[in-house]
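Asks: One structure coming up, written as structure tokens, with questions to follow.
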Amino acid sequence: METVGREMVIENEMGLHARSAAKIVQVSEKFESQISLYRDGNVADGKSILDILTLACPKGSVIRVEATGPDAEQAIREIAGLILRGFEEK
């Protein structure tokens with residue numbers, strides 16, 4: 001099974017907080033693939049708000065998003081787009 005990943009910088013002012021984590025979960029749940037977020041040796045399930053919040057990502061944090069499964073590339077594209085758009089909070 002294919003694993004696709006991408007490193008991203010959290011650019012929005014509030015960092016990765018509850019609302020932005022919820023948006024990642026909302027996108028992640030559309031996909032069959034397993035989605036994981038990594039920061040400083042910690043890993044979070046991309047389909048769990050609480051897991052994502054445990055990564056504690058303020059503005060400027062570098063995270064890696066990985067997806068494993070049949071729709072991994074599309075999942076990474078959509079999650080990366082969400083992060084690049086600052087979670088539509090601007």
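Asks: For residue 18, state whether it is of a type in the set (Gly, Ala, Ser), in contact (Cβ under 8 Å) with a residue 12 or more places away in the chain and surrounded by 17 or more Cβ atoms within 10 Å (Cβ to Cβ).
Replies: no
Asks: Then there is this: Can you go through 76, 49 and tell me which one is in contact with a Lys or Arg (Cβ under 6 Å, 6 or more places away or on another chain) and modelled with pLDDT of 95 or more?
Replies: Just a single option satisfies the conditions, and that option is 76.
Asks: Which residue out of 62, 25, 43 is surrounded by fewer than 13 Cβ atoms within 10 Å (Cβ to Cβ), modelled with pLDDT of 95 or more and β-branched (Val, Ile, Thr)?
Replies: 62
Asks: Another one. Which condition does residue 17 not pass, out of (1) within 12 Å of the chain's Cα centre (by Cα); (2) over 16 Å from residue 67 (Cα atoms); (3) at pLDDT 95 or above, if it passes all the others?
Replies: (3)
Asks: Inside region 1-22, can you point out the residues that are β-branched (Val, Ile, Thr) and out of contact with any Asp or Glu (no Cβ under 7 Å at 6 or more places or on another chain)?
Replies: If the condition is that a residue be β-branched (Val, Ile, Thr) and out of contact with any Asp or Glu (no Cβ under 7 Å at 6 or more places or on another chain), then 9, 10 are the ones that fit.
Asks: Would you mention how many residues in region 29-47 are over 13 Å from residue 16 (Cα atoms) and in contact with a helix residue (DSSP H, G or I) (Cβ under 7 Å, 6 or more places away or on another chain)?
Replies: Counting residues in region 29-47 that are over 13 Å from residue 16 (Cα atoms) and in contact with a helix residue (DSSP H, G or I) (Cβ under 7 Å, 6 or more places away or on another chain) gives 5.
Asks: Another one. Before we move on, is residue 50 more than 16 Å from residue 83 (Cβ to Cβ) and either part of a helix (DSSP H, G or I) or touching a Cys at 6+ places or on another chain (Cβ under 9 Å) (or both)?
Replies: It is true that residue 50 is more than 16 Å from residue 83 (Cβ to Cβ) and either part of a helix (DSSP H, G or I) or touching a Cys at 6+ places or on another chain (Cβ under 9 Å) (or both).
Asks: Same structure again: Give the residues of region 1-35 that are of a type in the set (A, V, I, L, M, F, W, C) and in a loop (DSSP other than H, G, I, E, B), sorted by residue number.
Replies: Scanning region 1-35 gives 1, 10, 14, 31.
The values are calculated or read from the model by the stated rules, or taken from the named source; none is laboratory data. From a predicted model like this one, the values you see are computed outputs, not experimental measurements. Using ideal geometry, Cβ is built from the backbone for each residue, glycine included, and neighbour counts are taken over all protein chains shown.
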